[in-house]
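One structure below.
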Amino acid sequence: MRSILRRVTISRNFRGRAVFIGFPRTGTETMGFSADIDAVAGRIRDAEAVTVVSHIDADGIASEAILAQAIAQEGIPVTSVFVRQLEPLTMRHVPIDDTLKVFVDLGAGQQNLLEEHGLYERDAVIIDHHVAQPAGIAYQQVNGLDHGHTKLSAAGIAYFVATCLDDTNVRLAPLGVIGNVGDMMAREHCGLVGPARDIVSDGVREGTIRHVERDLNCYGLSTRPVHVCLSYCDDPYIPRISNNAQYARSFLENLDIPLREHAGRWRVWEEFSIDERRAVISGIAQQLIAHGQSVDRLFAETYYFPDEAEQTPLRNASEYATLLNACGRWAQPRIGSAVCRGDRGSAYRDAEQMLRHHRSIIRELVQFIADKGVTELSHLQYLHVGDRFPDTIVGIGAGISLSKLNWRKPIMILCYLPDDPELVKVSMRTNERMVSRGIDLQHALQIASAEVGGAGGGHAIAAGAYIPKVAEQEFADRVNRVLREQSA
Ligand code: C5P
């Protein structure tokens, strides 16, 4: 997309700002997307003041940091509001004032709430990548899904809006990539594709991103000891090594690779030499082939940030995204946002602390799900965790747990909400294989929750909903029914 936008004719308006005055003739789809980006950027440029309303996950935080910085650079006063989800309870955080409300990473699926909140077309714009549910008012919006861009997150679109506001915002490319990776946009193809890939190219050109095209498809390449990294790998599942750090360690020792540096610190993948990496990858490939498994998913792209300190979670996109998720999911999205804006002092120290906490609770949740076991229906497996774990992390636990359970049945975790005893939060996860066979969790939750007077949304692969507590008993059967219909 960026490469296309670069070819757009740029002129300067009377304030000396870059404005787009024409689009290249490269097909209606791209043109429509560019036009929507341009229209939203134009609305922002014309605003006296802006309130950015964003989501608390990594994509939402990265989106907010991109937009708030780009808007402030335009000389427009900007404030931000983070919500864990747009629902009637959280709408009260959206101010009723004269600022332009820029909803990002949310809003498309909740346009009725914007309308009920008294926002007219002139008061709000939407930058989103969730399935839209239009209401009476046609809000100005840019949504990648409307243009066939299914692997582009909100931070990616926010980045294009920002670079449309001013070309120098290419400096924000790492945040665009972090949001996309945090929202699993690189998962299916082991790398970013389409417009999101153009953001990577911008970062590479600017020197802010080091793009490794055939890296090891594992999480923790910049911070975890390599044997730990390998043992956590479940995509691909490496026979004997996955879930077995002890064996992973002896596997590396047998390759004569020093696992610690001279001061005793465990070495991380990023600091392995090319020869060491080759030896590990070929050893794992042999292991997979010997067990009759494909090596297709052994490689994935990694996006490193050379300006960040080595061996820190800021050093690559997926670990950076986890850090932001940790801040947001534990109700401190502003700490994540401060890190995105460059704070490497107190905000970063707080974020690291949250990351440690986040990891330990997720481990506890995954263990809890394993210990309690899920209830299996014909097309669904589910568990109610009550009030043991916060609603903001159950979806993450569901995703991790699914990789250890029957992958053919989507997993659903239900939990209570601390601030609303009448409601139950539902999180669902499936995988690409089931999505390619027709499973669509967004659709399933939207239908089933509407039937019981709740509301849901999200994506085919990951979705959430809020339902009345009185309906929780029957809810799993309703979801199971829709999943059965999708499987038929
Ligand atoms: O909360 P959870 O992580 O399970 O949400 C999964 C996805 O579903 C997210 O993209 C979230 O924004 C979306 N969602 C939604 N409407 C809800 C709950 C979640 O669109 N009521």
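Within the bounds of region 87-103, is there any residue that is within 30 Å of PRO421 (Cα to Cα), within 16 Å of the ligand (Cβ to nearest atom), assigned to a helix (DSSP H, G or I) and β-branched (Val, Ile, Thr)?
Looking for residues that are within 30 Å of PRO421 (Cα to Cα), within 16 Å of the ligand (Cβ to nearest atom), assigned to a helix (DSSP H, G or I) and β-branched (Val, Ile, Thr), one finds at least one in region 87-103, hence yes.
For region 419-440, what are the residues that are more than 8 Å from the ligand (Cβ to nearest atom) and free of Cβ contacts under 8 Å to residues at least 40 places away in the same chain?
Correct list: THR430, ASN431, ARG433, MET434, VAL435, SER436.
Considering region 159-199 alone, what residues qualify as being within 18 Å of GLY148 (Cβ to Cβ) and in a helix (DSSP H, G or I)?
Within region 159-199, PHE160, ASN180, PRO195, ALA196, ARG197, ASP198, ILE199 qualify.
Identify the single condition in (1) free of Cβ contacts under 8 Å to residues at least 40 places away in the same chain; (2) farther than 22 Å from GLN473 by Cβ; (3) more than 12 Å from the ligand (Cβ to nearest atom) that ARG341 does not satisfy, given that it satisfies every other one.
It is condition (1) that ARG341 fails.
Taking only pairs six or more apart or across chains, which ones have beta-carbon atoms under 8 Å, a first residue in region 367-386 that is in contact (Cβ under 8 Å) with a residue 12 or more places away in the chain, and a second residue that is of a type in the set (Gly, Ala, Ser) and surrounded by fewer than 20 Cβ atoms within 10 Å (Cβ to Cβ)?
Qualifying pairs under 8 Å: HIS379/SER487; LEU383/GLY373.
With the condition kept exactly as written, say whether any residue in region 308-316 is outside the structural domain of LEU255 (by TED's automatic domain parsing), surrounded by 16 or more Cβ atoms within 10 Å (Cβ to Cβ) and of a type in the set (A, V, I, L, M, F, W, C).
Yes, region 308-316 has at least one match.
Can you tell me which residue in region 243-269 is modelled with the lowest pLDDT, limited to those that are surrounded by fewer than 20 Cβ atoms within 10 Å (Cβ to Cβ) and under 30 Å from THR430 (Cα atoms)?
Ranking the qualifying residues of region 243-269, first place goes to ASN243.
Those residues that are assigned to a helix (DSSP H, G or I) and in contact with a helix residue (DSSP H, G or I) (Cβ under 7 Å, 6 or more places away or on another chain), I need them from region 121-144; list them, please.
Once the filter is applied, which keeps residues that are assigned to a helix (DSSP H, G or I) and in contact with a helix residue (DSSP H, G or I) (Cβ under 7 Å, 6 or more places away or on another chain), region 121-144 yields only GLY144.
Just give me the residues in region 392-418 being more than 14 Å from the ligand (Cβ to nearest atom) and either closer than 18 Å to LEU377 by Cβ or out of contact with any strand residue (DSSP E or B) (no Cβ under 7 Å at 6 or more places or on another chain) (or both), in sequence order.
Those that are more than 14 Å from the ligand (Cβ to nearest atom) and either closer than 18 Å to LEU377 by Cβ or out of contact with any strand residue (DSSP E or B) (no Cβ under 7 Å at 6 or more places or on another chain) (or both): LYS404, LEU405, ASN406, TRP407, ARG408, LYS409, PRO418.
Tell me, yes or no, whether region 62-76 has at least one residue that is closer than 25 Å to ILE467 by Cβ, assigned to a helix (DSSP H, G or I), of a type outside the set (S, T, N, Q) and within 16 Å of the ligand (Cβ to nearest atom).
No.
The values are calculated or read from the model by the stated rules, or taken from the named source; none is laboratory data. Model, not experiment: these values are computed from the prediction. Virtual Cβ from ideal backbone geometry, glycine too; neighbours counted across all protein chains shown.
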